[in-house]
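These notes are about the structure you will find just below.
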Amino acid sequence: MSIETVQYLNEEGKLSKDCRDEINPEILIKGYQSILVTRHVDERMILLQRQGEISFALSSLGEECCAVATAAALDPNDWIYPQYREAGVMFWRGFSIQDYVHHMFCNGKDLILGRQMPNHFGSRDLNVVTVSSPIGTKIPHAAGCAYAMKLQKEEQIAVCFFGEGAASEGDFHAGLNFASVKKAPVIFFCRNNGFAISTPVSKQYASDGIAPRGAAYNMRTSRVDGNDFFAVHETVANAREYCLEGKGPVLIEAMTYRLGSHSTSDDPTRYRSEEEVAKWKKKDPVVRLRKYLESQGLWDQGKEDVAQKEIKETVTKAIDIAKKTERPPLKSMFEHVYFETPETLREQYEYIKSFFPDEG
């Protein structure tokens, strides 16, 4: 089985006449700016990790369009279950750079109070469920969330992001099968970026990508160019409408590429060539969208310089503030686990506190 890849915006920023999605210029500009923010924040966080300021960092370099274009096509009340490369969703939905940097430092103003690793963001106010390190676990969660909304007759859907490596987990099959049987309003968004850490797709599966698996579950399936803002936006918008019509879930496979390392614990030069990376750099979603905006008179070098300067200054200020922010209180390790803290946890807290007498 071979499934065609939908593409409207080519590498030169020219939009095909086949694109029927008339995106408001304000959305395009906001989308481009959200991608710029995501990319710059990622770059700075990696530098901070190398300097020993934070413990860990992941970049979505080259894949930012998948998250931002999807978020732009959704309703703010839709539930999102991200993996760790969807920071763009947070910025699109209004999460401030300062709040994001606090999270990366895992300090006292981190919404999660340091209970998660960096890049494991989330926000209850924004309907973004906290990232989970175990790969694939959010797939059945999203299916269950969508089914619950269907039972309650809510006009919302759930969207779950994951990489092609997660499609090898049992949770992928359980989640898709459940959603298909129950006709749950959920979009399963697979970012096929070529590698499951260091394992290339050639060693992950023999099929034509992940998309054919949707057919096995009698599920509407699409494959798009993940670096094409228009293709992703239109496909997600159509999928959302399909879900709300009660027709069932949708599987979307976005073909993209991880230009950077898997994480700050990875060295991609050990398993891929510079030529391969150079080829994909020509498909950069930032360059393509910028060329289109310029061709429409919506962007120019002056606006680019202003945007880059503002982003850099905002991130620098956020880092300075985060560095001076105190870490979470010791007691927070034991709070919000149970409705009422059991005696066993109270005993553990008193024991640990004896090692840190100056902390509450």
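The values are calculated or read from the model by the stated rules, or taken from the named source; none is laboratory data. What you see is a predicted model; the values in this text were computed from it and never measured. Positions of Cβ are generated from backbone atoms using ideal geometry, with glycine treated the same way; all protein chains shown enter the neighbour counts. Surface accessibility is based on the protein's heavy atoms, side chains included, excluding ligands, DNA and RNA. Shrake-Rupley method; radii C 1.70, N 1.55, O 1.52, S 1.80 Å.
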- helices (runs of 4 or more DSSP H) contained in the range 234-326 and holding at least 3 residues polar (S, T, N, Q) and open to solvent by 30 Å² or more (accessible area, probe 1.4 Å): 301-324
- Note on the structure: By residue number, the members of the range 212-227 that are of a type in the set (Val, Ile, Thr) and either open to solvent by less than 10 Å² (accessible area, probe 1.4 Å) or part of a helix (DSSP H, G or I) (or both) are Val224
- Only one of these conditions is not met by Ala174: (1) farther than 14 Å from Phe188 by Cα; (2) without any contact (Cβ under 8 Å) to a residue 60 or more places away in the chain. Which number is it? (1)
- Going through the range 185-211 one residue at a time, which ones are within 14 Å of Ala167 (Cβ to Cβ), open to solvent by 20 Å² or more (accessible area, probe 1.4 Å) and over 17 Å from the mean Cα position of the chain (by Cα)? Thr199, Val201, Lys203, Gln204, Tyr205, Ala206, Ser207, Asp208
- Residues of the range 279-295 being under 18 Å from His233 (Cβ atoms), hydrophobic (A, V, I, L, M, F, W, C) and within 21 Å of the chain's Cα centre (by Cα), in sequence order, are Val286, Val287, Leu289
- Task: Take the range 1-33 and flag every residue that is of a type in the set (Ser, Thr, Tyr) and exposed (fewer than 14 other Cβ atoms within 10 Å of the Cβ).
- Result: Ser2, Ser16
- Query: When Thr38 is evaluated against the numbered criteria (1) open to solvent by less than 60 Å² (accessible area, probe 1.4 Å); (2) closer than 26 Å to Ile135 by Cα; (3) assigned to a loop (DSSP other than H, G, I, E, B), which criterion, by number, is the only one it fails?
  - Reply: (3)
